[in-house]
Every structure is written in structure tokens, then in C-alpha cells.
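As C-alpha cells, the structure follows; a few thoughts come after it.
The values are calculated or read from the model by the stated rules, or taken from the named source; none is laboratory data. No experiment lies behind these values; they were computed from the predicted model shown. Because the Cβ atoms are built from the backbone with ideal geometry, glycine has one as well, and the counts that use them run over all protein chains shown. Accessible surface areas use protein heavy atoms only, side chains included; no ligands, DNA or RNA. Shrake-Rupley method; radii C 1.70, N 1.55, O 1.52, S 1.80 Å.
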Amino acid sequence: MQNNLSRLIRRLDQQIAQAANPVQGGCLMAQRAIALTRHGQTSEARDQLTTLHQLAFQTPHPSIGAWLHLAEGLMSYFTDFSGAGRERIQRALAIARSAGLREVEALSHAWLSHLAYARHDLPALIEHARLAQALAGPDQHAARSRLAMVLALAHHHSGQSERAAP
């Protein structure tokens, strides 16, 4: 797992260095913070988010705001595994929806589906899953893989393990 994270971080670092503008770089920095958070490297992720907050203050843009809220929401979720991050992710979703940021919108729906699963909120899980699936393009691997995991877990825990495999 560490090797996969290292490859992802190296790729994001390279993309950040080659970013055409501060907005693109900021969005990639948020994705980097999300990857670090998911793998338990919260101190480095917090540092990345601090830098991103400074950028968001200097260069306000809906893309940076949406990615920042999503990263903060996931940081909150992975820090204490509570539903506290849900509000931040919902803010990310609202910004993404209003600014037409389909990638963040799809990923936010996928994570909200995950959080609904953790709360045993089947109607919310289904609604967010439908929207994530409708919005995620074929190259949006983060949203599609999160959605696949959530749906597989839901099928497995509902006694329909044979439906979880696909």
C-alpha cells in the first residue's frame, strides 16, 4: 500500500510542479492532502491544507474552495471516524454543483454515499450513489472506485454477496 501511495504522491507532486496556474496547483494540492489523509499521514496532510488555506485566501476560486472543503471533510472523517466531516463534504458538493465542477461533485457524492453507509442511512446511500454514478466520467477513478467499494459493502452486508463482486 505504501508503494502505491508513494507513486500517487510522486505523480501529484509532479503535476503540482507543472501546474499551469495557482488554481490548478491548489486543486492538485487538495488531492494530495486527501491521499495523505486516507493513508494516515495526517500531519503532512494538515501542512498541505494549511498551505492550501493560504492559497485560497490569496487566490479565491470555487475550484480551490470545493477541493479544500472536500479535503477538510475527509480529514475530519479519517481523524475520528465520525460524521463530523459530512458538513464539509456537503459544502464541497454545493460549491461544485454551483460552479459546474463535475469531478468534485461526483467524488463528493461518492464519499457522502460512503458516510451514509457508515450511518446505516440506506436512502441517502442510494441517492448519493445514483448521483455519483451519473456524474463520474470513465476517467474519474477516485469517485468510481469509492462508489464501487460502498456498493460492494452494502450488498455484502445485506446478504447479497454475489451481487457485490461485480
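Give the residues of region 72-98 that are surrounded by fewer than 22 Cβ atoms within 10 Å (Cβ to Cβ), under 16 Å from residue 49 (Cβ atoms) and in contact with a Phe, Trp or Tyr (Cβ under 8 Å, 6 or more places away or on another chain), sorted by residue number.
84
Would you please name the residue that is nearest to residue 80 (Cα to Cα), looking only at residues in region 30-40 that are over 11 Å from the mean Cα position of the chain (by Cα) and open to solvent by 50 Å² or more (accessible area, probe 1.4 Å)?
40
Looking at region 110-141 only, could you name the residues that are open to solvent by less than 60 Å² (accessible area, probe 1.4 Å) and within 12 Å of the chain's Cα centre (by Cα)?
110, 111, 112, 113, 114, 115, 132, 140
Among 99, 116, which is in contact with a Leu (Cβ under 9 Å, 6 or more places away or on another chain), in contact (Cβ under 8 Å) with a residue 12 or more places away in the chain and not hydroxyl-bearing (Ser, Thr, Tyr)? So that I can check it myself, show each step before the final result.
Working: 99 fails: in contact with a Leu (Cβ under 9 Å, 6 or more places away or on another chain).
That would be 116, the only listed residue that is in contact with a Leu (Cβ under 9 Å, 6 or more places away or on another chain), in contact (Cβ under 8 Å) with a residue 12 or more places away in the chain and not hydroxyl-bearing (Ser, Thr, Tyr).
If you go through region 119-134 one residue at a time, how many are of a type in the set (Lys, Arg) and either touching a residue at least 60 places away in the same chain (Cβ under 8 Å) or not in a helix (DSSP H, G or I) (or both)? Spell out the reasoning first.
Initially, region 119-134 is screened for residues of a type in the set (Lys, Arg), giving 119, 130.
Then drop every residue that is not either touching a residue at least 60 places away in the same chain (Cβ under 8 Å) or not in a helix (DSSP H, G or I) (or both), which leaves none.
Residues that pass the stated criteria total 0.
So residue 67 clears everything in (1) touching a residue at least 40 places away in the same chain (Cβ under 8 Å); (2) surrounded by fewer than 20 Cβ atoms within 10 Å (Cβ to Cβ) except one condition, right? Which one?
Among (1) touching a residue at least 40 places away in the same chain (Cβ under 8 Å); (2) surrounded by fewer than 20 Cβ atoms within 10 Å (Cβ to Cβ), the lone unmet condition for residue 67 is (2).
In the list 55, 107, 8, 101, which residue meets the criterion of being open to solvent by less than 20 Å² (accessible area, probe 1.4 Å) and of a type in the set (A, V, I, L, M, F, W, C)?
Numbers: 55 fails: open to solvent by less than 20 Å² (accessible area, probe 1.4 Å); 8 fails: open to solvent by less than 20 Å² (accessible area, probe 1.4 Å); 101 fails: open to solvent by less than 20 Å² (accessible area, probe 1.4 Å).
Answer to the check: 107.
Output the residues belonging to region 120-159 that are more than 14 Å from residue 107 (Cα to Cα) and among the aliphatic types (A, V, I, L, M). Break it down into steps so the answer makes sense when it comes.
Initial filter on region 120-159 (more than 14 Å from residue 107 (Cα to Cα)): 120-124, 126, 151-159.
122, 124, 126, 151, 152, 153, 154, listed by residue number.
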